[in-house]
Amino acid sequence: MKVLALGGSGGMGRFSSFAISNYPNISKVTIADLNEANAKEFSSHFDDRFAGIGLDVTDKEHLEKVMSDHDIVMNTTGPFFKFGLPILKSAIKCKCHYFDICDDWEPTEEMLKLNDEALKNDITAIVGLGASPGISNLLGLKAMNELDEAESIITGWDVSSAKPEDESSQKGTNAAMEHGLQQISGEIKVYKDKKYKLTKPLEKIKIHYPGRGNHDAFIFGHPEAITFPHHFNDLKESVNACHGSKQSNIYIIKILRWLLDKKIISFKQGASLLEWLERKIGTPSIEKQIEGLPSIYGLARGLKDNKNASVAVTLSEEELSNSWGMGAITGFPLAFGLKLLLENKINKKGVFAPEGGAINPDDFFSLLTDHPLSVSRSWET
């Protein structure tokens, strides 16, 4: 199999590239980046299967020419509200299997509509296989599977855990920070009362986590809110929520949003400020994660034995206490998806979110961690 790693030397992509470097059933890996020198320098650290090239993904003709010599596209080129949809269209056209870490709900909606095209070309595409979305979706799926009937799904994460990587080929505005600004401004889509609705981001909600009580969280514009009801028609509610180990973290982000909305600062200045903030925010302690909301989780509500019930699933204490950077916790899941494809454990064709049935969550988590997941059940508390 020949792999094209778009953005493969970037802050997220370098972790995916590193992870796949020991996969024996890959014959070629092309690290493609707008910064050709960085792509070549980074690829030189691996064996002779790896090569680096310069590639502008907005040059469709060049992009598709390169794709035509590969079997799989591993896309970490952001921001995805700009590049996600056109790159997937090109991958399907060139009959390349496709994996990405898309964390924007708007392009995700459009990418899922390409399912029939992917089926026609015998292509598997997994959209949003990072941390959130990605790990969060599969934690949510595990929670839903514990219930007889799932009515509500909440995926959540701690803003304190979103640490930008120090090393990247990217220059200028950080794509992850661009994404963050996009999702705290304007309107975002959620699913309530069996309908998709637009709402204001960072609206406060109360979350009851089984065994841990009630906690404040804030609605965030992520794909999980729309992909769960896309794949599970019986759901009544689906939202993605963020929280902070300190309430002040959320208030600072709200102030940043106000400054942007009032045009007191530019989008570029906002992205720089957000990146600075993420680097300054302290990582949540394991004690706070055990007593309160974990840094990443899935929470399902519904029926169990004809009674109202809820289940929350997160990673083990051992994993939650690891100081994962944003690049590692996002890039490694992408590589694990590719490994499952190579081992024919992902074999369904079409376009899927992580929870959409193409990935067995137990196969995925066996690659992510050696520790069992932490499951909290309302009927056991």
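Computed from backbone phi, the HN-Hα couplings of the stretch 112-123 come to 5, 6, 8, 4, 5, 5, 5, 4, 4, 9, 6, 10 Hz, rounded to whole numbers (Karplus: 6.51 cos²θ - 1.76 cosθ + 1.60, θ = phi - 60°; Gly and Pro given as x). The stretch between residue 306 and residue 113 holds 66.0 nm of extra length on full extension. This uses 0.36 nm per residue minus the Cα-Cα distance. With 0.36 nm allotted per residue and the present C-alpha distance subtracted, the residue 203-residue 366 stretch has 55.2 nm of extension available.
Close amide H contacts of residue 103 (hydrogens built in the peptide plane, cut-off under 5 Å, sequence separation of 5 or more or a different chain): 80. Given R0 = 45 Å, the distance between the Cβ atoms of residue 51 and residue 195 translates into a calculated FRET efficiency of 0.40.
Classify the stretch 312-381 as rounded, prolate or oblate, taking a ≥ b ≥ c as the square roots of the eigenvalues of its Cα gyration tensor: rounded when a/c is under 1.5, otherwise prolate if a/b is larger than b/c and oblate if not. Because a/c hits 1.5 or more and a/b fails to exceed b/c, the stretch 312-381 counts as oblate. As a proxy for reagent exposure, ranking 102, 96 by other Cβ atoms within 10 Å from fewest up yields 96, 102.
Measuring against 26 Å, Cα to Cα, the residue pairs 307/345; 28/93; 189/348; 197/304; 95/194; 89/195 contain 307/345; 189/348; 197/304; 95/194; 89/195 as the ones spanning a longer distance. Take the Cα of residue 95, step 7 Å toward its Cβ, do the same at residue 233, and the gap between the two points is 3.2 nm. With a simple spin-label model that places each label point 7 Å from the Cα along the Cα-to-Cβ direction, the separation between residue 69 and residue 25 comes to 2.4 nm.
Only the coordinates and a few stated rules stand behind these numbers; no lab work does. Only a predicted model underlies this, so the values are computations on that prediction, with no experimental measurement involved. Using ideal geometry, Cβ is built from the backbone for each residue, glycine included, and neighbour counts are taken over all protein chains shown.
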